[in-house]
Each structure stands twice: as C-alpha cells, then as structure tokens.
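Shown next, in structure tokens, is the structure this report addresses.
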Amino acid sequence: MGGVDKVKRQRDQGRLTVRERIDGLVDQQSFHEVGAISGIAEYDENNELRHLTPANCVFGRARVDGRTVVVVGDDFTVRGGSADASISAKPLMAEEMAHDFRLPIIRVIEGSGGGGSVKTIETKGAANLPGGVGGTRWYWYTTANLARVPVVGLGLGSVAGLGAARLAATHYSVMTKSSAMFVAGPPVVKRLGQDLTKQELGGADIQTRAGAIDQAVDTEEEAFECARRFLSYLPSSVYDLPPTIPCTDDPERAEEQLLKAVPRNRRQVYKMRPIIEAVVDQGSFFEVSANFGRPIITGLARVEGRAVLLLASDPFHYGGSWTADACQKVVRWVDFAETFHLPVVYLMDCPGFMIGLEAEKSATIRHGVRAMAAVNQSTVPWCTIIIRNAFGVAGVVHQPANRFSMRYAWPSAYWGSLPLEGGIEAAYRAEIDAAADPAAKLREIEDRLNKLRSPFRSAEKFWVEEVIDPRKTRSLLCEFARLAEPIRTPGPPGNMSTRP
C-alpha cells in the first residue's frame, strides 16, 4: 500500500485501510483480487526494478452472503486516492466486469476516487482534458451500470470531485458520520469567500438532508452491514428477479394495535413506522433516504419472504403533503423498483401537494407531475392501502393510471378534490356570511359534507374497491405478493432509467 507511515496515519485517524475494508465487507476469504501487482514503476539503467508505487485502486470479485459481487476500493494511503497514482484501467475494468458479467458492484470510496489533483499537471506533464481520449468509457460505465446491476457506494473519509460523483451515481449510498463529501473541498470553496470546515461544507447531516447520500452511520462496520442488507433484497442484475426467502412470520398475523393506529381527530398526527412494522415480515423493513423528502418514507421490506419496495406517508412532516423533495424521492425509488422488478406497496396518507410561497419557489407542481409520470410509466405490480388522506393531484398519484392495481381503504380513509378545511369557506362563503351564527353554519355544512364523504359512500359507487378491517392488511399484502410473483418479467424495463 502507501507504506508503513501512511498506513499508520490512516489507522490513527480512526479509518480502516482499503484491504481491511474489503475483508470486513465480503464473505470471509472470498476476495479474489485482480491486478494486484499493478502500479507505477521506476527502473534503473539495467531495467531492474528500483521502486514501485502501487496503484491506489484495489478491486476484484468476492462473495456477499454467498453471491458473487465486484468490489472496487480507493487506497487513500497512496496519494490520497488521486489520479497521480491511479492506473485508470483498474476502476474501468471493475465497472466493465460488473456490467458484462451482470454482477452487483460495491464502490468503497475515499479521497477523489481516482480523480484529479493539481499535481497531476506536473506529474503528467500536461493538463488533463476531462473525459479525454477514451476517458469517457469510465464515465459511461459509471452511470450505465445503474440500469443493469445493483450499485452500492460507501463514502469512508473525505470524498471530493470524481469520488463524489461515483458515490452519488449509485442506487444506495452510505457514509460514516465522521466523513464528508463535496464537489470541491474547503480550500477551493474558500476562494468564494466561504470559510468552512469539511463537516460544515459536506458533512453527513448536510448530504443526507440534501438527498445526495442515503444513510449515515457511526462506524465503517455499520456501513458494511448496510451494504450487505441492501443487496439482500435485490437480484444480481435486471436479468434476474429479487430473491424470495423462507418466511416464519404468519401471513395471517393480525395486529390489534392497528385498530387504534389512526386517531379519530383528523388533525392529530400518528406514527406510520409502527404500522409498517405490523404489516410486513417482522424485522424486514429497511428504510432508505430517511432524512430526505421526509413526508414520504421509502424502504425495502419483505412480505411472506418476497421483496417489495415500500412507500408510506409520514404525517409528522407537513401532514404527509408532497414537497418538491418528496416528489423527487418518489421518482427515484419508483424508478428503482421498476429497474429491479420490485412490486410496490404504498401506505397512503397524502393531503395533497405542499402549498405556500416556498412550495411555489421550489416548483413543487413540476416535480409532482414528474412523480406522476414515474408512477404511470411503471409496470411492476402495485398495491395501495389508503390509511387516511387522499386529496388533490398528489392524491391521484396513489396508483398507476391505465392499468390494474390493487387498492384498499381503511375506515379512517378520507378523500376528495381538496380537504374540507378551507374549502368550505371558499365554496359556501355567501351562505356562511348570511347566517345568524356563521360558526354554527360552518359546522352544519361540514357535518353534512362529512356524511357524504364517508369511505362507505365511495365504496357504494365503486370509487374504492374494498374498505377493510385494518387487522386484515398483512393478509391482503401477502396475497398481493403471491399474485405479483409470477407476473414479473426479468430483463431491462421498458422505460429503463439511469437516474441514480
């Protein structure tokens, strides 16, 4: 690697070396390294090797839970992982191997991830044109693999430039809380008049809230476990189906707590995550992107051993209203489900798009119709449980249009073109103003409309297929997963997306 001193410095700063990381990530003694002796050599006048600077990229094949994967990692002990000590063929070959052999790839990233350094101008004798002659192949594979195989990125240190791009160009990214990620680091940003530390510029809190990183953990070992668990729900490539595992959780398990999960007071919030845990296989819910687009909860789960993508509203954040960030989150994870043939389960409580000045400034409606397009263009099986609210255009996006999907409603469900709150005052303003007691008139109109808006009245007109006992939810979801299993088709999806 970079020598005894550099290895000691890496460990003294609380970080593992790239080889220790690979050993901790993959199945024991399963790593088969490729290009172990590559590097930049110096020879004497007799062509005898005088010195070798090893390439700062380590890659090869390994197994994770018995399944073959490609692992590629930056060696920060050699020139901080920059281009000065890189052999560009190595990370390119890792991406090619994953692509052509249809294997998941895990990128362990630290430093610039093989990107440039101003010293490169001197060491190479010329400035590098980004992409350059033939250099675009690496960039092509970096994103093309998103439409072909699962791609996981681990940010374990200061990650900048190309390293940041490689970390973001993944289906799932994790960073340790002591790490940082940025397009350009503090010394460069300082020239803009922004004097910031690494954490202030690109720490875990910033990047997870921005949606650039999916999860932050305390230790590198936790990052390895997250990567392994994420991959466990997915096929090795789009040409396979997600694995089904044996399930010991009773598919007919009925949780009594679901009867009181939603308060009768419509203005009172409640916790959605306990509902999720009650209806999926016990302990199977794996949440992703928890800090970004928080009105929507996203994650992977199992239903009777079958993997699904789970979407759920979170009334603790804007009442579950879709913000611009929430819409972007829906687009990304619905695309992900489509890519890897995951059925979608949506536990819905959406009062509509977020409103107000900030919502307009963030172009919420444009992001909203993109979410609608992503849902409508999907082909994977879909099941929606309407838990409480379903209003407005965002309410429309609770199932794909123009094809069959399963839909159930709890007795607490409540829907319409817009909520009564505020809408009554607008629609019945003259009648309310003319009343002797305007407040009483408002209550009278609200009571009258609430009776008409009962989910049972909607079921009479077949606007919702079934109003169910909440305790029956798990049983129906298990049936959905069983019905969905044989109709999924392996292979690239018709609307293949390479969006990370």
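The values are calculated or read from the model by the stated rules, or taken from the named source; none is laboratory data. A quick note: this is a predicted structure, and the numbers were derived from the prediction, not measured. Reconstructed Cβ throughout: ideal geometry from the backbone, glycine too, with neighbour counts over all protein chains shown.
Residues that are part of a strand (DSSP E or B) and either under 28 Å from residue 302 (Cβ atoms) or over 19 Å from the mean Cα position of the chain (by Cα) (or both): does segment 350-364 have at least one?
Scanning segment 350-364 turns up at least one residue that is part of a strand (DSSP E or B) and either under 28 Å from residue 302 (Cβ atoms) or over 19 Å from the mean Cα position of the chain (by Cα) (or both).
Would you confirm, using the coordinates I've provided, whether residue 170 is farther than 25 Å from residue 11 by Cβ, among the hydroxyl-bearing types (Ser, Thr, Tyr) and either in the same structural domain as residue 286 (by TED's automatic domain parsing) or part of a loop (DSSP other than H, G, I, E, B) (or both)?
yes
Take segment 1-24 and flag every residue that is surrounded by fewer than 16 Cβ atoms within 10 Å (Cβ to Cβ) and among the aliphatic types (A, V, I, L, M).
4
Scanning for something modelled with pLDDT of 95 or more, outside any loop (DSSP other than H, G, I, E, B), of a type in the set (A, V, I, L, M) and surrounded by 17 or more Cβ atoms within 10 Å (Cβ to Cβ), does segment 234-253 turn up at least one residue?
no
Name every residue in segment 285-318 that is among the acidic types (Asp, Glu) and either within 18 Å of residue 356 (Cβ to Cβ) or in a strand (DSSP E or B) (or both), in order of residue number.
287
I want to confirm something. Restricting to segment 145-187 and keeping residues that are touching a Leu at 6+ places or on another chain (Cβ under 8 Å) and among the hydroxyl-bearing types (Ser, Thr, Tyr), which single residue is farthest from residue 339 (Cα to Cα)?
This residue is 179.
Taking segment 25-51 as the search range and keeping residues that are under 35 Å from the mean Cα position of the chain (by Cα) and farther than 22 Å from residue 96 by Cα, which one is surrounded by the fewest Cβ atoms within 10 Å (Cβ to Cβ)?
Checking each candidate, the answer is 28.
Scan segment 182-203 and tell me whether some residue there is more than 23 Å from residue 16 (Cα to Cα) and under 16 Å from the mean Cα position of the chain (by Cα).
The answer is no; no qualifying residue exists.
Could you check segment 462-480 and list, in sequence order, the residues that are closer than 19 Å to residue 259 by Cβ and among the acidic types (Asp, Glu)?
Of everything in segment 462-480, those that are closer than 19 Å to residue 259 by Cβ and among the acidic types (Asp, Glu) turn out to be 466, 469.
Would you mind listing the helices (runs of 4 or more DSSP H) fully within segment 1-115 where at least 2 residues are modelled with pLDDT of 90 or more?
Fully inside segment 1-115 and qualifying: 18-25, 89-100.
Could you grab the pairs with beta carbons closer than 6 Å, sequence gap of 6+ or different chains, first residue in segment 388-405 and in the same structural domain as residue 366 (by TED's automatic domain parsing) and at positive phi, second one modelled with pLDDT of 90 or more and assigned to a helix (DSSP H, G or I)?
No pair meets every condition.
Across segment 432-464, what is the total count of residues that are assigned to a loop (DSSP other than H, G, I, E, B), at negative phi and either touching a Leu at 6+ places or on another chain (Cβ under 8 Å) or at pLDDT below 85 (or both)?
The qualifying residues number 5.
Residues 227, 212, 216: which one is part of a helix (DSSP H, G or I) and either in contact with a helix residue (DSSP H, G or I) (Cβ under 9 Å, 6 or more places away or on another chain) or among the polar types (S, T, N, Q) (or both)?
When all the criteria are applied, what remains is 227.
Taking segment 465-500 as the region of interest, how many residues are modelled with pLDDT of 95 or more, basic (Lys, Arg) and either more than 25 Å from residue 236 (Cβ to Cβ) or assigned to a loop (DSSP other than H, G, I, E, B) (or both)?
Of the residues in segment 465-500, 3 are modelled with pLDDT of 95 or more, basic (Lys, Arg) and either more than 25 Å from residue 236 (Cβ to Cβ) or assigned to a loop (DSSP other than H, G, I, E, B) (or both).
When segment 197-229 is examined, which residues are found to be within 18 Å of residue 333 (Cβ to Cβ) and surrounded by fewer than 22 Cβ atoms within 10 Å (Cβ to Cβ)?
208, 209, 210, 211, 212, 215, 226, 229
Select from segment 297-338 the residues that are under 20 Å from residue 361 (Cα atoms) and of a type in the set (A, V, I, L, M) and write down the one among them that is surrounded by the fewest Cβ atoms within 10 Å (Cβ to Cβ).
So, considering only residues that are under 20 Å from residue 361 (Cα atoms) and of a type in the set (A, V, I, L, M), the one surrounded by the fewest Cβ atoms within 10 Å (Cβ to Cβ) is 331.
With the structure loaded, tell me whether residue 403 is under 26 Å from the mean Cα position of the chain (by Cα) and part of a loop (DSSP other than H, G, I, E, B) or whether it fails that test.
yes
Condition first: in a helix (DSSP H, G or I), touching a helix residue (DSSP H, G or I) at 6+ places or on another chain (Cβ under 6 Å) and either among the aliphatic types (A, V, I, L, M) or on the phi > 0 side of the Ramachandran plot (or both). Now tell me which residues in segment 319-345 satisfy that.
324, 330, 331, 334
List the pairs whose first member sits in segment 174-186 and is at positive phi, whose second member is crowded, with 19+ Cβ neighbours inside 10 Å and among the small types (Gly, Ala, Ser), and whose Cβ atoms are under 7 Å apart, counting only residues at least 6 apart or on separate chains?
Listed pairs, sorted by first residue: none to list.
Would you check which residues across segment 281-298 are over 11 Å from the mean Cα position of the chain (by Cα) and of a type in the set (Ser, Thr, Tyr) and list them?
The one that is over 11 Å from the mean Cα position of the chain (by Cα) and of a type in the set (Ser, Thr, Tyr): 284.
Restricting attention to segment 147-163, report how many residues are within 16 Å of the chain's Cα centre (by Cα) and either outside any strand (DSSP E or B) or surrounded by fewer than 21 Cβ atoms within 10 Å (Cβ to Cβ) (or both).
3
Is it true that residue 193 is surrounded by 15 or more Cβ atoms within 10 Å (Cβ to Cβ) and over 25 Å from residue 26 (Cα atoms)?
Here the answer is no, as residue 193 does not meet what is asked.
So, in segment 255-273, how many residues would count as being surrounded by fewer than 10 Cβ atoms within 10 Å (Cβ to Cβ) and not charged (D, E, K, R)?
Looking only at that region, the number is 2.
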